[in-house]
Amino acid sequence: MQLVERTIIKKNHPNYKSLDALAFLSKNLYNMANYIVRQEFINKGNYLNYNKVQKLLQSGADYRAIPAKVSQQVLILLDKNWQSFFQAIRAYNECPSKFKSRPKLPKYKHKKKGRNLLVYTKQAISKPQLVKNKKILLSKSELFFDSKINYDSRPTCENYS
């Protein structure tokens, strides 16, 4: 079982501007990584997978601007987009009539208007705050959100409840 809590933040929310800034930084990382992968693919015909891109970017400003776990999720998303592109190319080569045109490389996010998803895994939130106050505290920030999840992992005689 995988537990996910999705929080949608509207423009009138007090934390909207802070989250928008984080989403903008996430977009910058996505575009930087996509540029590196595209250039390698176009110029040399090689594909740089998640591990190679992560090693190249982990010391960069765009990678460090957001929490490491979130940066990793951005790069994993980009890797999935490229894998989908390669899968579409294989399907196109087998039967071009199923497609309107040849599949295109993953695109960049818009420079000014573009935003990217922020995926915070359980390692990227404060567990003590979640357990004590039922609040989600995003790492590398002071942003709190109420949680609907009842998180209680006290051991009992034979199992965790």
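A few comments on the model shown:
- Per this entry, LYS111 is counted among residues that are within 25 Å of ASN28 (Cα to Cα) and exposed (fewer than 13 other Cβ atoms within 10 Å of the Cβ).
- Among (1) more than 26 Å from SER141 (Cα to Cα); (2) surrounded by fewer than 16 Cβ atoms within 10 Å (Cβ to Cβ), the one test that ASP79 misses: (2)
- Inside the stretch 87-114, residues that are free of Cβ contacts under 8 Å to residues at least 60 places away in the same chain, of a type in the set (A, V, I, L, M) and in a loop (DSSP other than H, G, I, E, B) make up a count of 0.
- Residues considered: ALA23, ALA33, ALA68. Of these, the only one that is touching a Lys or Arg at 6+ places or on another chain (Cβ under 7 Å), surrounded by 15 or more Cβ atoms within 10 Å (Cβ to Cβ) and among the aliphatic types (A, V, I, L, M) is ALA23.
- Cβ-Cβ contacts under 6 Å between residues 6 or more apart (or on different chains), taken from a first residue in the stretch 27-45 that is without any contact (Cβ under 8 Å) to a residue 12 or more places away in the chain to a second residue that is of a type in the set (A, V, I, L, M, F, W, C), are listed as GLU40/LEU48.
- Some residue of the stretch 56-74 being within 16 Å of LYS104 (Cα to Cα), within 12 Å of the chain's Cα centre (by Cα) and not β-branched (Val, Ile, Thr): no
All of the numbers you see were taken from the coordinates with simple rules; none came from a lab. The structure displayed is predicted, hence computed values, not measured ones. Glycine also receives a Cβ, built like all others from the backbone with ideal geometry; neighbour counts cover every protein chain displayed.
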